[in-house]
Amino acid sequence: MSTDQPQTNRYLWAVGATAASIPVGEMVAERYQVVAPQIWLDLHPEELPDTPDRISGMFLPYLRLYPHRLHVPEVYGVCSGADSKSTTPIILLENVPIDNNGELYPAITTAWSKASPVRQIYWLWQILELWQPFAELGVAATLVDPEQVRVEGWRVRLRELVRNGTTDSDPVSVSASINRDKKDSSTGTSGGTTTLPHSRTQASLQQLGKCWESWCRTASVAVADQLRDIAQQMQTPNPSFEAIAVQLNQLLLAQSSQQPLRLEVAGLTDTGPLHDHNEDSCYPLRSDLTPEPDPLIPHLSIVCDGIGGHEGGEVASHMAIQSVKIQVRALLAELLEDPELMSPSLVAQQLAAIIRVVNNLIASCNDQQERESRRRMGTTLTLALQLPQMVIQSDSEGNSHELYIASVGDSRAYWITPDYCQQLTVDDDVATREVRVGRSLYRHALQRPDSGALTQAVGTKDAESLSPHVSRLIIEEDGLLLLCSDGVSDNNLIESVYADFAKDVFSGKLSLEAGVRFLVDQANQRNGYDNASVVLTYCGVSPQYPVVLNLEGLQLENNAQTIELETQLPSAEEPVGEEDEEMSEPIDVEVASSSQDWFKIIIGVFGILLIILSAGAAVFIAQWLLNPQAFKQMRDRFSPPQPIEQPESLPDSPPELEE
């Protein structure tokens, strides 16, 4: 059960021309401070915002796109009476691309030329993934408006949604759409109509391709030609979405595989201070990190939170872990046998099928034990799989850097760097369901007594009713992948501690093992009412360079102390005072310590010379083994052979001695 509390400060995006006309610095409705054009600061985030009398029109695309909240903003509430000349309430959006200083993240066109080739392609891939759900809801025009498309590191974020259009008319009132959306709306009286920002042109793949082609002019040289070809293909009369996705994915993996990839994982589960048993399970734990190589480590991580009490939750979560491990092991063996790359959609189907097998296994145990209703055991399940597909190119091969996240329930996955903490999963609870079907805004759905109750879990029902969420990330920056149960994520714990925690891990001050212990300890202190489980995976792509001894960095122990000579030295006839005698001992100590440090420096220099000589010898030996003839020529050049003088031939008989 998730219990997210409102954060202390909240920057919001105010939608529409009315909001844009309110000057900076003005107070709106005695609650919101305008800090920049259309950027408002909620001074009372502990209070619920106003909500529309009826959920319809402009609100519905935001609500139905809630599963894409990694990219799409959410409706926070409305503000009425902001302008005496207009009775239309202003829509306020949260989860918007605004940093902690109240400034918008850069538009994609601003950050484009400075991004790496893999990041440029990855941004386009995220836009393409959003195209179909946006087109179904009539807001695909958002993706061809560069001002709406913002970027935060690798992540594409949208400022607001824009409705498709075919004319140059003013924004269209959505009051007429209320009747069409009655089946998804709550009853009530409308206090005014809301308007939807309207595009001047009909959004299409051709238009998206034209937009991309303009960006390709400043794309990285390594990918500019390929991206231009894809953009031009999108502008043909009947472009194939599937063919474009295949080409873009191939280009993305070809670039990502050129980076190194280092993975390190650690996991921990804890009963908590208020329980006598642990219904959580996670993988891998310290006991799983054996000297024998295991293809699952460090590629697979799992967190499960059992449901059904002591006799059920522990069993269900443990069964889920073991079943997933067996099936993923078989999947990785299949990858080794078939060099052809699996498509993202096929991998997503495989992972969903794995979770359904786990579901049927637990459900079968429930049926055998005649468990009914609340007695049926089940579990949440969140897994992360770094799929080690090898991308083979003409001159190299490398890991595809694909990271798949699959989840059912409310155990979460986060991507953490020193700069940001991004929630990668969406909870399967009542509050989320109410938003997705268009019945409530999220902040108000949280007020329901059953808001945190799960709407689906693994094992409680038949697999046909299960809908696992599967997504893919490309690891193209150094980061921490965190999987945790709700005993750790509740009350925004991760969001409140990630900054210092991430800096300590990345600087090496905190090891992964110490990091998971820190998070579990924090959970026990702040959310001690539940079990706590954490699996943390370090993902590194930055090149590692050999450490070179820096002699200039070596300092003497007493380097900070200096000896100042007086301008007038005492004459030989003047006796040396006691103070002068006392000064002799520190000087001797300092010289002694200096001698020790110089000895260390000499040893260091000798070590470097030894390494250089060893490396040179290795080069000569390799040259001799690989090309003996060339080695002989090089030897003759540096050390030409000297002719050996032959002694004169001895006479046949010894010379006669003279008398």
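The values are calculated or read from the model by the stated rules, or taken from the named source; none is laboratory data. Remember, it's a predicted structure, so these values are computed and weren't measured experimentally. No Cβ is skipped: glycine too gets one built from the backbone with ideal geometry, and neighbour counts run over all protein chains shown. Ligands, DNA and RNA are excluded from the accessible area calculation, which covers all protein heavy atoms including side chains. Shrake-Rupley method; radii C 1.70, N 1.55, O 1.52, S 1.80 Å.
The set of residues from the range 465-495 being of a type in the set (A, V, I, L, M, F, W, C) and out of contact with any strand residue (DSSP E or B) (no Cβ under 8 Å at 6 or more places or on another chain) comprises just one member, 493. Could you say whether any residue in the range 403-420 is open to solvent by 10 Å² or more (accessible area, probe 1.4 Å) and either more than 26 Å from the chain's Cα centre (by Cα) or of a type in the set (Asp, Glu) (or both)? Yes, the range 403-420 contains at least one residue that is open to solvent by 10 Å² or more (accessible area, probe 1.4 Å) and either more than 26 Å from the chain's Cα centre (by Cα) or of a type in the set (Asp, Glu) (or both).
Residue by residue, here is whether (1) modelled with pLDDT of 95 or more; (2) under 24 Å from the mean Cα position of the chain (by Cα); (3) farther than 15 Å from residue 60 by Cβ; (4) not aromatic (Phe, Trp, Tyr) holds:
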| residue | (1), (2), (3), (4) |
| --- | --- |
| 130 | yes, yes, yes, yes |
| 171 | no, no, yes, yes |
| 196 | no, no, no, yes |
| 205 | yes, no, yes, yes |
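Listed by first and then second residue, the pairs with beta-carbon distance under 8 Å, at least 6 apart or on different chains, first residue in the range 90-103 and charged (D, E, K, R), second assigned to a loop (DSSP other than H, G, I, E, B) and open to solvent by less than 10 Å² (accessible area, probe 1.4 Å), are 94/73. Inside the range 309-349, residues that are touching a His at 6+ places or on another chain (Cβ under 7 Å) and not in a helix (DSSP H, G or I) make up a count of 1. Residues that are β-branched (Val, Ile, Thr) and either more than 25 Å from the chain's Cα centre (by Cα) or modelled with pLDDT under 95 (or both) within the range 242-296 comprise 244, 271, 290, listed in sequence order. Every residue in the range 62-101 that is in a helix (DSSP H, G or I), among the hydroxyl-bearing types (Ser, Thr, Tyr) and more than 12 Å from residue 159 (Cα to Cα), please. Answer for the range 62-101, where residues must be in a helix (DSSP H, G or I), among the hydroxyl-bearing types (Ser, Thr, Tyr) and more than 12 Å from residue 159 (Cα to Cα): just 66. Based on what the data block shows, is residue 301 touching a residue at least 12 places away in the same chain (Cβ under 8 Å) and touching a helix residue (DSSP H, G or I) at 6+ places or on another chain (Cβ under 7 Å)? Against the criterion (touching a residue at least 12 places away in the same chain (Cβ under 8 Å) and touching a helix residue (DSSP H, G or I) at 6+ places or on another chain (Cβ under 7 Å)), residue 301 does not qualify. Among the residues in the range 47-56, are any among the hydroxyl-bearing types (Ser, Thr, Tyr), touching a helix residue (DSSP H, G or I) at 6+ places or on another chain (Cβ under 6 Å) and open to solvent by 50 Å² or more (accessible area, probe 1.4 Å)? Checking the range 47-56: at least one residue is among the hydroxyl-bearing types (Ser, Thr, Tyr), touching a helix residue (DSSP H, G or I) at 6+ places or on another chain (Cβ under 6 Å) and open to solvent by 50 Å² or more (accessible area, probe 1.4 Å). Each residue in the range 216-270 was checked for being in contact (Cβ under 8 Å) with a residue 40 or more places away in the chain and charged (D, E, K, R), and 3 of them qualify.
The single residue among 337, 311, 370 that is open to solvent by 60 Å² or more (accessible area, probe 1.4 Å) and within 22 Å of residue 486 (Cβ to Cβ) turns out to be 311.
A residue that is open to solvent by 30 Å² or more (accessible area, probe 1.4 Å) and not in a helix (DSSP H, G or I) occurs somewhere in the range 126-144. Where strands (runs of 3 or more DSSP E) fall wholly inside the range 216-308, the ranges with 2 or more residues that are surrounded by fewer than 18 Cβ atoms within 10 Å (Cβ to Cβ) are 262-270.
Looking for something within 30 Å of residue 540 (Cβ to Cβ), modelled with pLDDT of 95 or more and not in a loop (DSSP other than H, G, I, E, B) - is there at least one such residue anywhere in the range 437-460? Within the range 437-460 (the criterion being within 30 Å of residue 540 (Cβ to Cβ), modelled with pLDDT of 95 or more and not in a loop (DSSP other than H, G, I, E, B)), the answer is no, since none of the residues qualifies.
Only a single item in (1) out of contact with any Phe, Trp or Tyr (no Cβ under 8 Å at 6 or more places or on another chain); (2) among the small types (Gly, Ala, Ser); (3) not in a helix (DSSP H, G or I) is not met by residue 499, and it is number (3).
Residue-wise test of (1) in contact with a Lys or Arg (Cβ under 8 Å, 6 or more places away or on another chain); (2) free of Cβ contacts under 8 Å to residues at least 24 places away in the same chain; (3) β-branched (Val, Ile, Thr).
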residue: 421; (1), (2), (3): no, no, no
residue: 430; (1), (2), (3): yes, no, yes
residue: 456; (1), (2), (3): no, no, no
residue: 471; (1), (2), (3): no, no, no
residue: 479; (1), (2), (3): no, no, no
residue: 483; (1), (2), (3): yes, no, no
residue: 488; (1), (2), (3): no, no, yes
residue: 495; (1), (2), (3): no, no, no
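One residue alone among 307, 321 is of a type outside the set (Lys, Arg) and in contact with a Cys (Cβ under 8 Å, 6 or more places away or on another chain), and that residue is 321. Assess whether residue 476 counts as being at pLDDT below 95, in contact with a Ser or Thr (Cβ under 8 Å, 6 or more places away or on another chain) and acidic (Asp, Glu). No; evaluated as a whole, the condition is false for this residue. Scanning the range 102-125 for residues that are in a loop (DSSP other than H, G, I, E, B), open to solvent by 30 Å² or more (accessible area, probe 1.4 Å) and farther than 25 Å from residue 224 by Cα yields one hit, 103.
Residues that are touching a Cys at 6+ places or on another chain (Cβ under 7 Å) and more than 21 Å from residue 244 (Cβ to Cβ) are absent from the range 109-130. Give the residues of the range 9-61 that are small (Gly, Ala, Ser) and not in a strand (DSSP E or B), sorted by residue number. Residues satisfying the conditions are 16, 17, 19, 20, 21, 25, 29, 56, 57. Across the range 461-495, the qualifying residues are those that are more than 25 Å from residue 100 (Cα to Cα) and assigned to a helix (DSSP H, G or I), and the one among them that is most open to solvent (accessible area, probe 1.4 Å) is 464.
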